[in-house]
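The values are calculated or read from the model by the stated rules, or taken from the named source; none is laboratory data. None of the values given here were measured: they were computed from a predicted structure. Don't worry about glycine lacking a Cβ; one is built from the backbone with ideal geometry, like all the others, and counts go over all protein chains shown.
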Amino acid sequence: MVVSSGMDPGGTRGLSRVHRHLGGEAKTLNLSKYISLRVINVDAYQSVGIRRRMKRFFRRDGRALIFAMDHGFEHGPTDFEPVWEHVNPKVIIKKVTRAGVDGVMMLPGIARVAADEVRGRKGLMIKLTSKTALRPRDGQLLQSQLGYVEDAIKLGADAIAATVYWGSPAEDVMMRQFAEVANYAHDLGFPVVQFAYPRGPYINEKYGKKEDYRVVMYGARAAAETGADMIKTYWTGSKETFAKVVDAAAGVPVLLSGGAKTENPLDFLRVVSGVVEAGGAGAVVGRNIFQRENPEPMIKALLRVIHRNEEPEDAAKAEGLL
Ligand code: FBP
């Protein structure tokens, strides 16, 4: 198996550590002697691996509730101040897995600390790009690579994620990062998740806001075109417009990116209900879970909406949120 993305003629940009260490040589070497794979029919093996790993997130209904916690890096620890004990990843991961989420998403460093708490039949998603909110303004439209596909695999990842800010002045860098992660992860049988977040000056100028459905569906399509196996993106404000996003993704499952905590839990449950009615595959949720004193009723209500098609009001009442 010759591993070469062909996307980087200079030779060492790929997210594979093996690529990096071997530099240009990796283009012509049989890497199976470096990574203990004896693969005869790569295509057959990789599709089975991707399918099996996707099932660790999605139930038989094809939907999932995934807990997100990259916020300590992406927004800073102040995001945890509403419920400070949740700054400890072990504490919050224990709570959310007990409450029944289908998967957990984190960056490699926190996975080293807390991935052991992701017990039972739950998917572990490791994200390989991020940025801090401390960067100067002109760097905020770039997510940088902070780990390698091999790191995620060593941490037990079932899926590998990376962000692309479509429309950003740094779109080219993130698009290449994503394509290289996807190529390598797919070679090894791992599904890849794209956080497809359109943002940038041109978007604001032309569409007014990044949540305009024309922009969100463009990002979802671009994610599908770049080989994503799951797409995470913004709510567009209505189920009719979100249905277009789902259509544009051409069969790749689309998950909601949670957003800021809503004061009234019902407001968030209504959004998630709109997502599933529109054909969305569920949600990846951070603040609407960990910024609540007791995350369990919210998680259980979300699971009712996502997996049992319950009305948001009924789900909220059943879990004592109203
Ligand atoms: P939330 O549910 O808290 O919005 O988490 C989802 C998420 O994508 C996180 O993974 C990430 O840290 C954050 O949102 C990105 O937020 P922003 O829109 O401020 O970049």
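Observations on the structure shown:
- If only residues of segment 66-109 that are within 19 Å of the chain's Cα centre (by Cα), more than 16 Å from A162 (Cα to Cα) and of a type in the set (A, V, I, L, M) are counted, the one that is farthest from the ligand (Cβ to nearest atom) is I93.
- The set of residues in segment 303-322 that are of a type outside the set (V, I, T), in contact with a helix residue (DSSP H, G or I) (Cβ under 6 Å, 6 or more places away or on another chain) and modelled with pLDDT of 95 or more comprises R304, E310, P312, A315, A316, E319, G320, L321.
- Out of V96, V83, V91, sole residue that is assigned to a helix (DSSP H, G or I), more than 18 Å from F57 (Cα to Cα) and in contact (Cβ under 8 Å) with a residue 24 or more places away in the chain: V83
- Qualifying residue in segment 233-254 (condition: crowded, with 24+ Cβ neighbours inside 10 Å, within 15 Å of the ligand (Cβ to nearest atom) and either among the charged types (D, E, K, R) or under 25 Å from K55 (Cβ atoms) (or both)): yes
- Qualifying positions in segment 86-121 - in contact with a strand residue (DSSP E or B) (Cβ under 6 Å, 6 or more places away or on another chain) and acidic (D, E): D102
- Taking the listed residues V272, V216, V246, the one that is in a helix (DSSP H, G or I) and within 19 Å of D314 (Cα to Cα) is V272, with no other qualifying.
- Counted residues, segment 275-289 - those being part of a helix (DSSP H, G or I), farther than 13 Å from I66 by Cβ and not aliphatic (A, V, I, L, M): 2
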